[in-house]
Amino acid sequence: DLDDEFAQSVGEFDTVDELQERIRDNLRRDGAVREFDRITGEILNQLAENSTIEFPNAMVQHEIDDRLSRLEDQLKMYGINLDAYYEATGKSRAEMEDEVRGEAELAVRRSLVITEYARLQEIQVTNEELQMEVTMAMEDAGQNATQFCLIRQRLFLSLAEPSHLPKGSTSPPN
């Protein structure tokens, strides 16, 4: 049950209301970040699409290879190898490369536009700023992952309590 005891067990919360407020704040913050990313992404896409920056095909091929490698890593998490994926989708590696080529070209263009704009505007990031951002990202990711794991663990434990089991059963269903 969601009660104050549960809220206290998952973090620095005294009440369920505090836990729920934190969740609402996180959702609002995440929504604002997604909207900012959407808007800046649209602007960057327009700049990239209208840019006249030239780049070697090897940069695009590298981006394609990275994307397919990430796809392979994602599939592995589900116990699927890339060849089985190709077979299931009826596509070859060459067809998959063709499918992601447009996105890869846009990604390369976006990266080059950002780099060139930063150079022209003399925008730089100090090592201290970079380290601070990396540290904050790691802390946030670690805290969110840990909090999620704790909540999931407590949820499963609460579901395994006798009051949640089927009548006449003394253990969770398989």
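The values are calculated or read from the model by the stated rules, or taken from the named source; none is laboratory data. Source: prediction; values computed, not measured. Using ideal geometry, Cβ is built from the backbone for each residue, glycine included, and neighbour counts are taken over all protein chains shown. Heads up: the accessible areas ignore ligands, DNA and RNA and are worked out on the full protein's heavy atoms, side chains in. Shrake-Rupley method; radii C 1.70, N 1.55, O 1.52, S 1.80 Å.
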When you check ARG93 against the structure, is it open to solvent by 50 Å² or more (accessible area, probe 1.4 Å) and modelled with pLDDT of 90 or more, yes or no?
yes
Which of the residues that make up the stretch 75-90 are open to solvent by 80 Å² or more (accessible area, probe 1.4 Å) and under 21 Å from the mean Cα position of the chain (by Cα)?
LYS76, MET77, TYR78
Which of the numbered conditions does VAL113 fail, given that it passes all the others? Conditions: (1) surrounded by fewer than 13 Cβ atoms within 10 Å (Cβ to Cβ); (2) of a type in the set (Val, Ile, Thr); (3) part of a helix (DSSP H, G or I).
(1)
Which one of the conditions (1) of a type in the set (Asp, Glu); (2) open to solvent by less than 90 Å² (accessible area, probe 1.4 Å); (3) free of Cβ contacts under 8 Å to residues at least 12 places away in the same chain; (4) over 26 Å from ASP30 (Cα atoms) does ASP140 fail to meet, given that it meets all the rest?
(4)
I'd like to check something: does the stretch 20-39 contain any residue that is part of a helix (DSSP H, G or I), over 30 Å from GLU116 (Cα atoms) and modelled with pLDDT of 90 or more?
no
Flag for GLU72 being open to solvent by 100 Å² or more (accessible area, probe 1.4 Å) and either on the phi > 0 side of the Ramachandran plot or out of contact with any Gly (no Cβ under 6 Å at 6 or more places or on another chain) (or both)
no
Would you confirm whether or not the stretch 95-107 contains a residue that is assigned to a helix (DSSP H, G or I) and basic (Lys, Arg)?
yes
Take SER163 and tell me if it is touching a His at 6+ places or on another chain (Cβ under 9 Å), closer than 23 Å to VAL16 by Cα and at pLDDT below 75.
no
Check GLN153, GLN124 and return the single one that is farther than 27 Å from GLN46 by Cα, open to solvent by 70 Å² or more (accessible area, probe 1.4 Å) and either modelled with pLDDT of 90 or more or not charged (D, E, K, R) (or both).
GLN153
Would you check which residues across the stretch 60-83 are in a helix (DSSP H, G or I) and touching a Leu at 6+ places or on another chain (Cβ under 8 Å) and list them?
LEU68, LEU71, GLU72, LEU75, LEU82
Considering only the stretch 1-54, how many residues are open to solvent by less than 80 Å² (accessible area, probe 1.4 Å) and of a type in the set (S, T, N, Q)?
7
Of the residues that sit in the stretch 47-75 and are more than 15 Å from MET96 (Cβ to Cβ) and either among the polar types (S, T, N, Q) or in contact with a Lys or Arg (Cβ under 6 Å, 6 or more places away or on another chain) (or both), which one is modelled with the highest pLDDT?
ASN57
